[in-house]
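Below is one structure; the comments refer to it alone.
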Amino acid sequence: MLAVVLDEYGLDEAEVTMDARFTEDLGLESIDLVTLAGQLQERWGDRINFAEFLAAMELDEIIGLTVGRLVEHVVARLQPAERG
C-alpha cells in the first residue's frame, strides 16, 4: 500500500525500511498519510483505525512516525484477541 502511495506522488525512488520516517525520509505529507489511512481502512476495515492511532501520539511522534511503528500497530491490531 505504501508503494502505491509513493508511486502516485512520484516518490517511488524512496527507500522504504522499517526505520524510514514518513515525512523526512519518504517525503510524504499529511494528505499522503490520509490516502494511506484510507487504503488501510479499505483493506482491514475498522480494525485499523489510523486516526485513532495518530490521536494517541504527541505532535513530535507524528512527525517522526516510522514505517516500523505503523507496521507494528497494524500487526498488533490484526492479531486475534487472546483468550483468557
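The values are calculated or read from the model by the stated rules, or taken from the named source; none is laboratory data. Model, not experiment: these values are computed from the prediction. We place every Cβ from the backbone using ideal geometry, glycine too, and count neighbours over all the protein chains shown.
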When the stretch 1-33 is examined, which residues are found to be among the β-branched types (Val, Ile, Thr), assigned to a helix (DSSP H, G or I) and at pLDDT 80 or above? Ile31
So, of the residues in the stretch 34-84 that are in contact (Cβ under 8 Å) with a residue 40 or more places away in the chain and not in a helix (DSSP H, G or I), which turns out to be surrounded by the most Cβ atoms within 10 Å (Cβ to Cβ)? Leu65
